[in-house]
Amino acid sequence: MEKTLDIIPVTEWGFFTLPRPMVIAGPCSAETEEQVLETARGLASWGIHMFRAGIWKPRTHPGCFEGVGAPGLKWLKKVKEETGMFVCTEVANEKHVYECLKYGVDMLWVGARTTANPFLMQEIADALRDTDVPVLVKNPINPDIDLWIGALERLNRAGVRKLGVIHRGFSTISSKPYRNAPGWQIAIELRTRYPNLPFFADPSHMGGDRKYLQELSQRAMDLGLEGLMIESHCNPAAALSDAKQQLVPADLRTLIESLLIREKDSGDKEYREGIEQLRSRIDYIDEDLLKELGARMEVSRKIGAYKRDHNVAILQTARWEVVMAAMKEKARIYGLSEKFIDDVFNAIHEESIRTQNEVLEASREA
Ligand code: PEP
Ligand code: MN
């Protein structure tokens, strides 16, 4: 039985308004006071209300720029005073939380590496007890929806009701062409389980390159997510972290204004929004299917070469019968008919045999 989360609607937090997307923007890292203020001014000039900047940076390798630390919080305070924007930053332990509370940071987010750690999540939740600060929780780096939900539950039990999530993709063996595999089906699953949970996407860390920001942002909007967290820097080429994925404020404006937003309305429009979202889910699943089929054929090619090297015949009917029987058994669990499985897997098998033959032919010709 799913536990519910007790959440205050995002429109009541005082930062974000409709229409979508609700945008959180700012540099990966706060580097200098000038860089922070110049970026903030650029964003505030066209209506961004929530500024982000990393103060403590979780870096893969030691010796990389690990953030300016607590002194950077003063710069965020200046952003508030000068531009009237709200500000947010990443916290990874209770000390970070206390520092942020001291400097009046308006909102916090928990990074992907921290969400994956229940000890730290509990520590952060305890530090936030009896406060009113909103928290957005990024997905854990590994595609584990329960770990994500567990982090949300810890915060919610500590009384954090201004709670939301940021989908930034997952670290997997192959995430190409992106830095992190989108795994949209996990976002869809979470959205389905908690329809009232405010949902942001982070196309910057998902894509890892500014050339993917547009398509990933549009996908997030097509799925009906509320908002976007995007990295923006006044001089991306000189950024001390994530230089490749940051945009100058003016380019971010162009990107946001180019997004096609289908808002909920009434009657037919509502239907169209629903059908669009369902279709885009189908598109993502189909893309995954293609990727998996490609990977499967790659293995077939290897099997072809292996059999050839060991002088073994390609067609092994006994093995295929066992595979098919197991598939049909499993198919029932997924609500798929035997006939469908027969059709699909026989087609796959045929192609696999053809692929293995190709390998054989090629080495005969060689
Ligand atoms: C960030 O937002 O700068 C960050 C470190 O992101 P993530 O936790 O998604 O890697
Ligand atoms: Mn970053």
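The values are calculated or read from the model by the stated rules, or taken from the named source; none is laboratory data. Predicted model, so just to flag it, every value in this text is computed and none were measured. Cβ placement follows ideal geometry from the backbone for every residue including glycine, while neighbour counts extend to all protein chains displayed.
For region 191-221, give me each residue that is over 12 Å from the mean Cα position of the chain (by Cα), surrounded by fewer than 21 Cβ atoms within 10 Å (Cβ to Cβ) and farther than 24 Å from GLY42 by Cβ.
Residues satisfying the conditions are ARG191, THR192, ARG193, TYR194, PRO195, ASN196, LEU197.
Can you give me the number of residues within region 221-247 that are modelled with pLDDT of 95 or more and either of a type in the set (Asp, Glu) or closer than 17 Å to ILE48 by Cβ (or both)? Outline the logic, then answer.
Within region 221-247, the first condition is being modelled with pLDDT of 95 or more, and the residues that meet it are 221, 225-247.
Filter again for either of a type in the set (Asp, Glu) or closer than 17 Å to ILE48 by Cβ (or both), leaving 221, 226-234, 236, 242, 246-247.
So the answer is 14.
Please specify each residue of region 103-137 satisfying the condition of being over 16 Å from ILE24 (Cα atoms), surrounded by 20 or more Cβ atoms within 10 Å (Cβ to Cβ) and within 16 Å of ligand 2 (Cβ to nearest atom).
Within region 103-137, ALA112, THR114, THR115 meet the criteria.
For region 334-361, enumerate the residues that are under 15 Å from GLY304 (Cα atoms) and without any contact (Cβ under 8 Å) to a residue 24 or more places away in the chain.
Answer for region 334-361, where residues must be under 15 Å from GLY304 (Cα atoms) and without any contact (Cβ under 8 Å) to a residue 24 or more places away in the chain: GLU350, ARG354, GLU361.
Return the residue satisfying two criteria in turn: it lies in region 233-249 and is surrounded by 13 or more Cβ atoms within 10 Å (Cβ to Cβ) and not in a loop (DSSP other than H, G, I, E, B), and of such residues it is nearest to ligand 2 (Cβ to nearest atom).
First, pick out the residues of region 233-249 that are surrounded by 13 or more Cβ atoms within 10 Å (Cβ to Cβ): 233-236, 239-249.
Checking which are not in a loop (DSSP other than H, G, I, E, B) leaves us with 236, 243-245, 247, 249.
Values: PRO236: 11, ALA243: 10, LYS244: 10, GLN245: 7, LEU247: 12, PRO249: 16 Å.
Filtering region 233-249 for residues that are surrounded by 13 or more Cβ atoms within 10 Å (Cβ to Cβ) and not in a loop (DSSP other than H, G, I, E, B), the one nearest to ligand 2 (Cβ to nearest atom) comes out as GLN245.
Could you list, in sequence order, the residues of region 188-209 that are without any contact (Cβ under 8 Å) to a residue 40 or more places away in the chain and either outside the structural domain of LYS244 (by TED's automatic domain parsing) or not β-branched (Val, Ile, Thr) (or both)? Walk me through it before giving the result.
Filtering region 188-209 down to residues without any contact (Cβ under 8 Å) to a residue 40 or more places away in the chain leaves 191-192, 195, 199, 201, 203, 206-209.
Answer for region 188-209, where residues must be without any contact (Cβ under 8 Å) to a residue 40 or more places away in the chain and either outside the structural domain of LYS244 (by TED's automatic domain parsing) or not β-branched (Val, Ile, Thr) (or both): ARG191, PRO195, PHE199, ALA201, PRO203, MET206, GLY207, GLY208, ASP209.
Under the condition of being over 14 Å from LYS3 (Cβ atoms) and buried (at least 22 other Cβ atoms within 10 Å of the Cβ), which residue from region 138-167 is nearest to the chain's Cα centre (by Cα)?
HIS167
Looking at TYR306, TYR271, which is the one that is assigned to a helix (DSSP H, G or I), surrounded by 12 or more Cβ atoms within 10 Å (Cβ to Cβ) and not β-branched (Val, Ile, Thr)?
Details: TYR271 fails: surrounded by 12 or more Cβ atoms within 10 Å (Cβ to Cβ).
Result: TYR306 is the single residue among TYR306, TYR271 that is assigned to a helix (DSSP H, G or I), surrounded by 12 or more Cβ atoms within 10 Å (Cβ to Cβ) and not β-branched (Val, Ile, Thr).
Can you say whether ASP288 is assigned to a helix (DSSP H, G or I), more than 16 Å from ligand 1 (Cβ to nearest atom) and outside the structural domain of THR39 (by TED's automatic domain parsing), as far as the supplied structure shows? Give the derivation first.
Working: assigned to a helix (DSSP H, G or I): yes; more than 16 Å from ligand 1 (Cβ to nearest atom): yes; outside the structural domain of THR39 (by TED's automatic domain parsing): yes.
Answer is yes for this residue.
Report, by residue number, each residue of region 338-363 that is within 33 Å of the chain's Cα centre (by Cα) and either over 23 Å from ALA318 (Cβ atoms) or of a type outside the set (Phe, Trp, Tyr) (or both). Can you show your working first?
Of the residues in region 338-363, the ones within 33 Å of the chain's Cα centre (by Cα) are 340-341, 344-345, 348.
Answer for region 338-363, where residues must be within 33 Å of the chain's Cα centre (by Cα) and either over 23 Å from ALA318 (Cβ atoms) or of a type outside the set (Phe, Trp, Tyr) (or both): PHE340, ILE341, VAL344, ILE348.
Which of the residues belonging to region 1-60 are over 19 Å from the mean Cα position of the chain (by Cα), within 16 Å of ligand 1 (Cβ to nearest atom) and charged (D, E, K, R)?
GLU31
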